Amino acid sequence: MPASEARAEDLDARLSALGLTTRTKQHATYTSVEAEVPKTLPDATWREVLEVLTKADRFGLLVSSSTGRTLWAAIYKEADHQR
């Protein structure tokens, strides 16, 4: 298994363990892990989520009145990509 795939699976599993509903998507140059964030998430859980996200190459939070809050993380597939 490529290292990038293992990293994405680890992120997915760790976010799921924190109670978030996740989905993983394959793209040409990266793998994305997305998680729906409930309206109420304890501060301690937010801290844990942020710690998990620091393992990604990029991450962010999308907020929309129609779709709610979605965390995303990207793991680049290139073996030599600089973080």
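Numbers below:
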item	result
Selection from segment 26-76 of residues that are surrounded by 12 or more Cβ atoms within 10 Å (Cβ to Cβ), closer than 21 Å to ARG7 by Cβ and among the basic types (Lys, Arg)	LYS55, ARG58
GLU36 touching a Gly at 6+ places or on another chain (Cβ under 8 Å), touching a residue at least 12 places away in the same chain (Cβ under 8 Å) and of a type outside the set (Ser, Thr, Tyr)	yes
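Quick note: the coordinates plus some simple rules give every number you see, no bench work behind them. Quick caveat: nothing in here was measured; it's all calculated off a predicted structure. Ideal geometry is used to build each Cβ from the backbone, glycine not excepted, and the neighbour counts take in all protein chains shown.
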